Amino acid sequence: TTPTIVASIRAHAADGDTDALWRAAHNLKSSAGALGAKQLSLRCAEIEARARETGVEAARPLVGFLDDDLAAAIAGLKAVAEAVHEPA
């Protein structure tokens, strides 16, 4: 579901919906953190904080980095999954 949440974050930023933006970033921050996707979680935390404190305009520049953060998180999780399932 993470790509869908990233898409909604992008849409909320484009629409100027501050509340929906920080809430979506908050949810993804928590999920990414629980999975160990630290960079994605940190980026979402920064988006959430900027949106809450200053508004959408301050958070928009960070939203563009989410696709790269998501790709890195997926690659990292795949590598971990493959390492766990390697035959002894």
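The values are calculated or read from the model by the stated rules, or taken from the named source; none is laboratory data. Just so we're clear, the structure is a prediction, and the values are computed from it rather than from any experiment. Neighbour counts are summed over all protein chains in view; Cβ atoms, including those assigned to glycine, are modelled from backbone coordinates with ideal geometry. Heads up: the accessible areas ignore ligands, DNA and RNA and are worked out on the full protein's heavy atoms, side chains in. Shrake-Rupley method; radii C 1.70, N 1.55, O 1.52, S 1.80 Å.
Observations
- Cα-based helix-to-principal-axis angle, 18-35 vs the chain, degrees rounded to 10: 20
- Dipole of region 1-78 [Lys/Arg +1, Asp/Glu -1 at C-beta], most positive-end residue of T1, L35, A11: L35
- Among (1) 44; (2) 48; (3) 52, the entry that matches percent of Cα pairs over 17 Å apart as calculated here: (1)
- Excluding ligands, DNA and RNA, the accessible surface per residue across the chain is 60 Å² with a 1.4 Å probe.
- Cα-based helix-to-principal-axis angle, 66-84 vs the chain, degrees rounded to 10: 20
- What a 1.4 Å probe finds exposed on the chain is 57% carbon and sulfur by accessible area, rounded to a whole percent.
- The packing ranking of peptides 63-76, 12-25, highest mean first, is 12-25, 63-76, where packing means the average number of other beta carbon atoms within 10 angstrom of each residue.
- Rounded to the nearest whole Hz, the Karplus-based 3J(HN,Hα) values (6.51 cos²θ - 1.76 cosθ + 1.60, θ = phi - 60°) of region 6-13 follow the sequence 4, 4, 5, 4, 4, 5, 5, 5, with x at glycine and proline.
- Placing +1 on each Lys and Arg Cβ and -1 on each Asp and Glu Cβ, with no other charges, gives the chain a dipole about its Cα centre of roughly 120 debye.
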